[in-house]
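Colleague: First, the structure itself, so that you have it in front of you.
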Amino acid sequence: MVEQGRSRGRAEAWRPWIAAGRRPALAWPQGLTDFARRTVQRVREWAAIEAAPGRLVPWLAIGFGIGTIIYFAIDREPAVSAAALLLAATVAAAILCRRRPVAFPACVGLAAVAAGFATGAIKREIIAHPVLSAPAWNVDIAGFVEVREERERSDRVVVRVARMSGARLIENLERVRVSVRKGTAPTVGTFIEFKARLSPPLEPLRPGGYDFARDMYFQRIGASGFVLGSIRPIEAPHAPSLRLRFAIFLDGVREGIDKRIRAILPGDKGAIASALITGKRDTISTPVNEAMYVSGLAHVLSISGYHMAVVAGIVFFALRALFALMPAFGNRHPIKKCVTAVESS
């Protein structure tokens, strides 16, 4: 009886609304309605703050990154002309909408995404080069030495190929990296001729391991190997390029600094000091290298001098500012000397 009474009451309540062809709106609790209103108002305030002058600029980097992610996520390489046309169209749209408060930020964001996408496509086109597909013996190579590395057991050079010939050699490589006997590597800028055994770039030795082929590809090196016989310096058919002349100058400066350091600090001490300043890690002995890797300090050598100088400069100014905040100490002691002593220790 009670249930029947409740059902009859609900039917009576709905009958006038049904007869009028409409239903009563659901009544939200007053507290929930106020909370929703305050939430919407707060979101509007946050959006207004984020859209204030200059606040949307950091989002350009995020848009650029999104464009790069899209480039790496697609299944096939896009045409460079299409990527450049997309970038030009988005930039033109941003210029045309520069007086519209909503459309202009949206178009600039799309232009940033297009810029990230186009950068990947253009970079791929710039560094694209042939890569050796199969091992090749007795390959005749002639070209300029661009990089010279001294290692513990052998030396290694990167050669900018001027001409190359060999049996079953299809690719016309731009650069090759070959190992030579210890102490026989020619100086940077020398035009040489030699025979070599070349191999394709080495794939990762294990899943997720270091990708030698990828590293060589971005250095525009198409093959690696070793020299067969002797290296013959010959007269260059043309003058070295401006880039190669700059590399010759830098290599001479590095060689001079390296020799000066190792003349004063013989052995591994001088080798480590030279690696930190010049980036030349070739003369560090194998036991020291292994000890650095085991102790987790190998990254100190790999980042070389520039990054170490940046870190040292940041630490120097931070400590000097900290001591300057203590007048009782700063007025009685030379702050600069104290900071230098702390960094040296």
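Colleague: Express in nm, to one decimal, how much length is gained between Ala73 and Arg220 on full extension, taking 0.36 nm for each residue of separation and deducting their alpha carbon distance. Each step should come with its number before you reach the end.
Modeller: Working: separation 147, 0.36 × 147 = 52.92 nm, distance 2.34 nm.
My answer for the length gained is 50.6 nm.
Colleague: Sticking with this one: Helix 80-96 sits at what angle to the longest principal axis of the chain, using alpha carbons and giving 0 to 90 degrees rounded to 10?
Modeller: Rounded to the nearest ten degrees, it is 50.
Colleague: Find me the longest stretch of the chain that has none of the exposed GluC sites (Glu not before Pro), where exposed means in a DSSP loop (not H, G, I, E or B) with at most 13 other Cβ atoms within 10 Å.
Modeller: It runs 1-151.
Colleague: What angle, in degrees between 0 and 90 and rounded to the nearest 10, separates the Cα long axis of helix 267-278 from the longest principal axis of the Cα atoms of the chain?
Modeller: The two axes meet at around 50 degrees.
Colleague: Which of these, Trp59, Trp137, Trp46, has the largest mean-square fluctuation under a Gaussian network model of the chain (Cα springs below 10 Å)?
Modeller: Trp46
Colleague: Tell me, in nm to one decimal, what length is gained between Asp268 and Leu60 on full extension, where the rule is 0.36 nm per residue of separation less the Cα-Cα distance?
Modeller: Between Asp268 and Leu60, full extension yields an extra 70.2 nm.
Colleague: Debye calculation, C-alpha points only, no solvent: report log10 I(q)/I(0) for the chain at q = 0.16 Å⁻¹, in the same order as the q values.
Modeller: Per q value, in the given order, log10 I(q)/I(0) is -1.33.
Colleague: While we're here: Report the calculated FRET efficiency for Asp211 and Arg151 (r = Cβ-Cβ distance, R0 = 22 Å), to the nearest 0.05.
Modeller: 0.55
Colleague: Relative contact order (percent) for the chain, with alpha-carbon contacts under 8 angstrom and 6 or more residues of separation?
Modeller: Details: 434 pairs, mean separation 36.5, N = 345.
Relative contact order comes out at 11 percent.
Colleague: A follow-up question, please. For the chain, with a Gaussian network of springs between Cα atoms less than 10 Å apart, report the residue from Val157, Val102, Val178 with the top mean-square fluctuation.
Modeller: The residue with the greatest mean-square fluctuation here is Val102.
Colleague: Cut-off 17 Å, label point 7 angstrom out along Cα-to-Cβ of Val40: give me the residues of segment 96-135 whose amide nitrogen falls inside.
Modeller: Inside the label zone: nothing.
Colleague: If you don't mind, another one. Once the convex hull of the alpha carbons of segment 176-335 is built, what does its volume come to per residue, in cubic angstrom?
Modeller: With only Cα atoms used, segment 176-335 gives 206 Å³ per residue.
Colleague: Fewest to most neighbouring Cβ within 10 Å: what's the order for His238, His333?
Modeller: His238, His333
Colleague: Still on this structure, I have one more. Helix 59-73 against the longest principal axis of the chain: what's the angle in degrees, Cα atoms only, rounded to the nearest 10?
Modeller: 70 degrees
Colleague: Kindly count the pairs of lysines across the chain whose alpha carbons are less than 21 Å apart, treating pairs on different chains or eight or more residues apart as eligible.
Modeller: Total qualifying Lys-Lys pairs in the chain comes to 6.
Colleague: Here's a follow-up. Figure the gain on full extension for Arg254 and Glu125 (residue separation times 0.36 nm, minus the Cα-Cα span) and round it to one decimal in nm.
Modeller: 43.3 nm
Colleague: When the Kirkwood radius is taken over all Cα pairs of segment 136-240, what Stokes-Einstein diffusion coefficient follows at 25 °C and 0.890 mPa s, in µm²/s?
Modeller: 174 µm²/s
Colleague: Calculate the all-directions average of the projected area of segment 244-302's alpha-carbon convex hull, and give it in nm².
Modeller: For the Cα atoms of segment 244-302, the hull's average projected area reads 4.1 nm².
Colleague: What's the FRET efficiency of Asp140 with Lys182 using the Cβ-Cβ distance as r and R₀ = 22 Å, to the nearest 0.05?
Modeller: The pair Asp140/Lys182 has a calculated efficiency of 0.40.
Colleague: On to the next question. Most fluctuating residue of Pro334, Pro105, Pro78 in a GNM of the chain with Cα springs under 10 Å: which is it?
Modeller: Pro334
Colleague: In percent, how large is the relative contact order of segment 136-240, given Cα pairs closer than 8 Å and 6 or more residues apart?
Modeller: It rounds to 30 percent for segment 136-240.
Coordinate-derived values only; no laboratory data. Just so it is clear, the structure is predicted and the values come from calculations on it, not from any experiment. Cβ coordinates were reconstructed from backbone atoms using ideal geometry, including for glycine residues, and neighbour counts include every protein chain displayed.
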